[in-house]
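Scroll down for the structure; my scribbles are underneath it.
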Amino acid sequence: MTTITHHGASPDMEPHWEQLDLTPWRCPEPLIRLKLWLRQARPGQSLYLLLGDAGSRRDIPAYLQRLGH
């Protein structure tokens, strides 16, 4: 499980949680789908991310950290 919050939210803003189940896919598909979600995410929107692929569970948190999430 990985959770992220899209930047730009005010601290008192209640996050809108969305779930993205990427367990059926193997790398690189989960990262591609996450990038698409990030493009349409609104400030303050939060994501509950489900990953099944070991490579994605390693790579996606590192990718999000590089982006500052």
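The values are calculated or read from the model by the stated rules, or taken from the named source; none is laboratory data. Quantities reported herein were computed from a predicted structural model and do not represent experimental measurements. Because the Cβ atoms are built from the backbone with ideal geometry, glycine has one as well, and the counts that use them run over all protein chains shown. We work out accessible area using only protein heavy atoms, side chains counted, and drop any ligands, DNA or RNA first. Shrake-Rupley method; radii C 1.70, N 1.55, O 1.52, S 1.80 Å.
Among all residues of the stretch 46-58, there is none that is aromatic (Phe, Trp, Tyr), part of a strand (DSSP E or B), modelled with pLDDT under 90 and surrounded by 11 or more Cβ atoms within 10 Å (Cβ to Cβ). Considering only the stretch 1-14, state which residues are touching a strand residue (DSSP E or B) at 6+ places or on another chain (Cβ under 7 Å) and either modelled with pLDDT of 90 or more or open to solvent by 50 Å² or more (accessible area, probe 1.4 Å) (or both). Listed by number, the residues that qualify are Met1, Thr3, Thr5.
Kindly evaluate Pro30 against the criterion of being touching a strand residue (DSSP E or B) at 6+ places or on another chain (Cβ under 6 Å) and outside any loop (DSSP other than H, G, I, E, B). Judged against the criteria, Pro30 is not a match.
Taken together, the residues in the stretch 29-45 that are open to solvent by 10 Å² or more (accessible area, probe 1.4 Å) and more than 16 Å from His69 (Cα to Cα) amount to 3. So Arg26 fits all but one of (1) modelled with pLDDT of 90 or more; (2) surrounded by 16 or more Cβ atoms within 10 Å (Cβ to Cβ); what number is the exception? Unmet condition: (2).
Within the stretch 29-66, being free of Cβ contacts under 8 Å to residues at least 12 places away in the same chain and over 12 Å from Glu18 (Cβ atoms) holds for Glu29, Ile32, Lys35, Leu36, Arg39, Ala54, Arg58, Ala62, Gln65, Arg66.
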